[in-house]
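K.L.:
Before I ask anything, here is the structure I am working with.
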Amino acid sequence: MTQATNLLKVVVIGGEGIGPEVTDQSVRVLNWFIDRRHAPLQLHDAPYGAEAYREFGQILPAQTMEAVRNADAILFGATGGPDLDVLPKPVRHQGSLLRIREGLTLFANLRPIIAHAALFASAPLKAEVLEGVDFVIVRELVGAIYFGQPRGIETLPDGQRRGVNTQVYTTSEIRRVVRVAFELARTRKHRLCSVDKANVMESGVLWREEVDKLHQAEFSDVDLSHMYVDNCAMQIVRKPNQSDVIVTDNLFGDILSDCAAMAAGSLGMLPSAAIVPRDAAGRSKALYEPVHGSAPDIAGKNIANPLASIQSVAMMLRMTLGRPEDADLLERAVRHTLEAGHRTADIAGRGDTPISTFAMGDAVLASLDQIAA
Ligand code: IPM
Ligand code: MG
């Protein structure tokens, strides 16, 4: 019998909105890899969200945080939406996806963007700019305006209200994420574009200086460029195939990745991995989640696209499990599924009949069977 300790622990949190239904398809895929390829994994469900609040009084109950801390990887669905919005503010603050990211110091968020040729016809951008689109946004994930203090809403003596958030970075926060991006660039085309707003913001000036220093000191073999974030947003839709690795701050990365989704055809196509580099003992920790949110308007209808979540599983196979062949196999299966014409509503073109979330899961499993046979 396999020792339980030899298995990597994956905590599965479906979360809110379309999170559970897309995550279900990823769990089916993970089980395929456990059954058919002996992937050394143990899956554990953990409560999160409005349902967890009703049962345990917290969105992120202590046992979920504990499970997450002991996990090798977390597969997360989505958070946010009307069920959470009605809960008291302290409850929402105490427990959330942001607390998991922060609590585990998952500071580097990799968001790969690939344009599949099979989707060119239905994509919102012209096919001619989609040729060869394959880039990664490395988003800083645990700093800056998402977490900076002071923050809050206060009432001023004259009765007005004032909302405050703080954009703040330290040199070490900048350097650790930029290092991940430089290292990633070395495994690709040796090109890195750092994105900031240094023409207006001091935190951006510091960001740029630290990027330059690290470049000179350790990564002069990488071709480095800088871009302002407003220009970057435009370039990503104007000519998405000119990018390779982009590194940027937390808020800019959030916005640019939604923008970049248009190059992949739909927000339903973008996977992500939030990571910390391996420690001295070789242990890693990562949270895998689709870039899309909870999409409350289509939740529970079995029409959401599970491919962002399923491709996040491919990232897990590659990064947490160190099984590149399995990751390639799953990515090939996704491509095969698209080439065979299977489309959820978000990626359906004229003349396509959209299929359900579950049917897309079926189609990927069938592609896996076919390719692996
Ligand atoms: C994302 C999401 C999250 C973020 C939300 C759900 C808090 O938009 O991962 O891109 O802003 O980071
Ligand atoms: Mg976002």
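The values are calculated or read from the model by the stated rules, or taken from the named source; none is laboratory data. Nothing here was measured: the structure is a model prediction, and the numbers come from that model. Neighbour counts run over all protein chains shown; Cβ positions are idealised from the backbone, glycine included. In case anyone asks, the SASA skips ligands and DNA or RNA and just uses the protein heavy atoms, side chains included. Shrake-Rupley method; radii C 1.70, N 1.55, O 1.52, S 1.80 Å.
K.L.:
Quick one: in segment 232-285, which of the residues that are part of a strand (DSSP E or B) and within 14 Å of ligand 2 (Cβ to nearest atom) is farthest from ALA304 (Cα to Cα)? Step through it out loud before you land on a result.
P.N.:
Going through segment 232-285, the residues part of a strand (DSSP E or B) turn out to be 245-248, 273-276, 285.
Imposing the further condition that a residue be within 14 Å of ligand 2 (Cβ to nearest atom) reduces the set to 248, 274.
Working: THR248: 29, ALA274: 22 Å.
Among those that are part of a strand (DSSP E or B) and within 14 Å of ligand 2 (Cβ to nearest atom), it is THR248.
K.L.:
Let me ask something else about it. When you scan segment 88-111, how many residues do you find that are more than 13 Å from the chain's Cα centre (by Cα), within 15 Å of ligand 1 (Cβ to nearest atom) and either assigned to a loop (DSSP other than H, G, I, E, B) or surrounded by 18 or more Cβ atoms within 10 Å (Cβ to Cβ) (or both)?
P.N.:
Selection size over segment 88-111: 4.
K.L.:
Identify, from the list ASP362, ASP346, the residue that is free of Cβ contacts under 8 Å to residues at least 12 places away in the same chain, open to solvent by 10 Å² or more (accessible area, probe 1.4 Å) and within 25 Å of GLY15 (Cβ to Cβ).
P.N.:
Matching residue, one of ASP362, ASP346: ASP362.
K.L.:
Looking at segment 112-152 only, could you name the residues that are buried (at least 22 other Cβ atoms within 10 Å of the Cβ) and among the charged types (D, E, K, R)?
P.N.:
ARG139, GLU140
K.L.:
Quick check: anything in segment 186-193 in a helix (DSSP H, G or I) and either surrounded by fewer than 18 Cβ atoms within 10 Å (Cβ to Cβ) or of a type outside the set (Ser, Thr, Tyr) (or both)?
P.N.:
Yes, because at least one residue in segment 186-193 is in a helix (DSSP H, G or I) and either surrounded by fewer than 18 Cβ atoms within 10 Å (Cβ to Cβ) or of a type outside the set (Ser, Thr, Tyr) (or both).
K.L.:
Can you tell me which residue among THR187, THR166, THR171 is among the β-branched types (Val, Ile, Thr) and touching a helix residue (DSSP H, G or I) at 6+ places or on another chain (Cβ under 6 Å)? So that I can check it myself, show each step before the final result.
P.N.:
Values: THR187 fails: touching a helix residue (DSSP H, G or I) at 6+ places or on another chain (Cβ under 6 Å); THR166 fails: touching a helix residue (DSSP H, G or I) at 6+ places or on another chain (Cβ under 6 Å).
Among THR187, THR166, THR171, only THR171 is among the β-branched types (Val, Ile, Thr) and touching a helix residue (DSSP H, G or I) at 6+ places or on another chain (Cβ under 6 Å).
K.L.:
Ok, one more. Checking the conditions here, which among ASP328, ASP297 is free of Cβ contacts under 8 Å to residues at least 24 places away in the same chain, within 16 Å of ligand 1 (Cβ to nearest atom), open to solvent by 60 Å² or more (accessible area, probe 1.4 Å) and in the same structural domain as ASP85 (by TED's automatic domain parsing)?
P.N.:
ASP297
K.L.:
Within segment 196-231, can you find the residues that are free of Cβ contacts under 8 Å to residues at least 24 places away in the same chain, polar (S, T, N, Q) and assigned to a helix (DSSP H, G or I)?
P.N.:
GLN216, ASN231
K.L.:
Just give me the residues in segment 157-177 being open to solvent by less than 70 Å² (accessible area, probe 1.4 Å), part of a helix (DSSP H, G or I) and hydroxyl-bearing (Ser, Thr, Tyr), in sequence order.
P.N.:
THR171
K.L.:
Out of (1) surrounded by fewer than 24 Cβ atoms within 10 Å (Cβ to Cβ); (2) in contact (Cβ under 8 Å) with a residue 24 or more places away in the chain, what's the single condition that is false for HIS292?
P.N.:
All conditions are met except number (1).
K.L.:
Taking only pairs six or more apart or across chains, which ones have beta-carbon atoms under 6 Å, a first residue in segment 251-269 that is closer than 16 Å to ASP230 by Cα and open to solvent by 40 Å² or more (accessible area, probe 1.4 Å), and a second residue that is within 11 Å of ligand 1 (Cβ to nearest atom) and part of a helix (DSSP H, G or I)?
P.N.:
These pairs meet every condition: LEU251/ILE145.
K.L.:
Which of the following residues is assigned by TED's automatic domain parsing to the domain that holds ALA372, part of a loop (DSSP other than H, G, I, E, B) and in contact with a strand residue (DSSP E or B) (Cβ under 9 Å, 6 or more places away or on another chain): ALA67, ALA39?
P.N.:
After ruling out the rest, the residue left standing is ALA39.
K.L.:
State which residue is nearest to ligand 1 (Cβ to nearest atom) when the search covers only segment 273-292 and only residues that are β-branched (Val, Ile, Thr) and closer than 21 Å to GLU183 by Cβ.
P.N.:
ILE275
K.L.:
Still on this model: In the same structural domain as VAL133 (by TED's automatic domain parsing), within 16 Å of ligand 1 (Cβ to nearest atom) and at pLDDT 95 or above: which single residue out of LEU270, LEU224, LEU251 fits that description?
P.N.:
LEU251 is the lone residue from the list that is in the same structural domain as VAL133 (by TED's automatic domain parsing), within 16 Å of ligand 1 (Cβ to nearest atom) and at pLDDT 95 or above.
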